[in-house]
1. Which count do you get for residues in the range 53-76 that are surrounded by 18 or more Cβ atoms within 10 Å (Cβ to Cβ) and in a strand (DSSP E or B)?
2. Can you report the number of residues in the range 84-113 which are of a type in the set (A, V, I, L, M), in a loop (DSSP other than H, G, I, E, B) and modelled with pLDDT of 90 or more?
3. Does P145 meet the test of being under 30 Å from K244 (Cβ atoms), of a type outside the set (F, W, Y), touching a helix residue (DSSP H, G or I) at 6+ places or on another chain (Cβ under 6 Å) and touching a residue at least 40 places away in the same chain (Cβ under 8 Å)?
4. So Q246 passes all but one of these: (1) surrounded by 12 or more Cβ atoms within 10 Å (Cβ to Cβ); (2) without any contact (Cβ under 8 Å) to a residue 60 or more places away in the chain. Which condition number does it fail?
5. From the list T201, T241, pick out the single residue that is touching a helix residue (DSSP H, G or I) at 6+ places or on another chain (Cβ under 9 Å), under 26 Å from L176 (Cα atoms) and among the polar types (S, T, N, Q).
6. Among the residues of the range 42-63, how many are within 15 Å of H150 (Cα to Cα) and out of contact with any Leu (no Cβ under 6 Å at 6 or more places or on another chain)?
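The values are calculated or read from the model by the stated rules, or taken from the named source; none is laboratory data. Remember, predicted model here, so these are calculated numbers, not experimental data. Neighbour counts run over all protein chains shown; Cβ positions are idealised from the backbone, glycine included.
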Amino acid sequence: MIFDQHCLDAIDRSSSAVSCRPNDYPANTFIERHIHAKHQLVYAVSGVLQVNSDAGQWVVPPNRAIWMPAGTHHWVSCIGMTQMRSVYVHPSAVHHLPLEARAVAITPLLRELILAAMHIPQPYDVASRDGRLMALLLDELHTLPALPLHLPQPVDARLRQICGELQKRPESASTLADWAVRLAVDVKTIQRLFAKETGMTFGQWRQQTRLLRALEYLANGDKIVDIALELGYDSPSAFTTMFKRQFGQTPSQFFA
């Protein structure tokens, strides 16, 4: 478990519009619940990050990132050895950026800007080359496309029981009717609650759970045939088809 309050305070006290910090973590590192006064872009150079907030869970594969707005409580698990690069942005330095957490793609230009920004001393002169580089980095933050890597978490205790079980056993073939009997509640009630609290159907939520778990397995180098069987798909081709439908790429393309 890692939590450095001194470091966190130093980041939040910095008056610079942008600051960057590199962190390399061993496998299974857990960064406990915390909050920033600044916006944070959490970029996974390598390894996979599982980022949680009260609004849900995100799985962040290599060369993707999560945008975490200022004031959002969150905690992070590192799956495998992880190289994390964090960009901290003063809220007054940017406008019209998302006010909710989201997974985003990292453009090649932004990737190079982040890596270069790691070597810029703080504070920097805004009129210098360093300042212009940081200004360009801020501009690039407005271009980041959102990715479907979010698993929203419900509040209702009955849904939380369902979702908790599905996350433990994503291969489960339990139907809504099965859960209705188990919880002594009408099927339509469960359907209505899923739509209201997650914006998904029961089937969509379970599918998203499986696909995000698959990202973790793929990042660890597991074979597609093993992943498909582990997650309850009928065949590797069925898994690949569903993966491409959700992410627009095959697993091999996604991790290229």
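1. Count: 12.
2. Number satisfying all stated conditions: 2.
3. No; evaluated as a whole, the condition is false for this residue.
4. (2)
5. T201
6. Of the residues in the range 42-63, 9 are within 15 Å of H150 (Cα to Cα) and out of contact with any Leu (no Cβ under 6 Å at 6 or more places or on another chain).
Residues are listed down the side, and each one gets a yes or a no for (1) small (G, A, S); (2) surrounded by 12 or more Cβ atoms within 10 Å (Cβ to Cβ):
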| site | (1), (2) |
| --- | --- |
| A184 | yes, no |
| K188 | no, no |
| E197 | no, yes |
| Q204 | no, yes |
| A214 | yes, yes |
| A219 | yes, yes |
| P251 | no, yes |
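So that you can scan it fast, the table gives a plain yes or no per residue for (1) out of contact with any Ser or Thr (no Cβ under 9 Å at 6 or more places or on another chain); (2) touching a residue at least 12 places away in the same chain (Cβ under 8 Å); (3) charged (D, E, K, R); (4) not in a strand (DSSP E or B):
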| residue | (1), (2), (3), (4) |
| --- | --- |
| L115 | yes, yes, no, yes |
| H119 | yes, no, no, yes |
| Y124 | no, yes, no, yes |
| L133 | yes, yes, no, yes |
| L136 | yes, yes, no, yes |
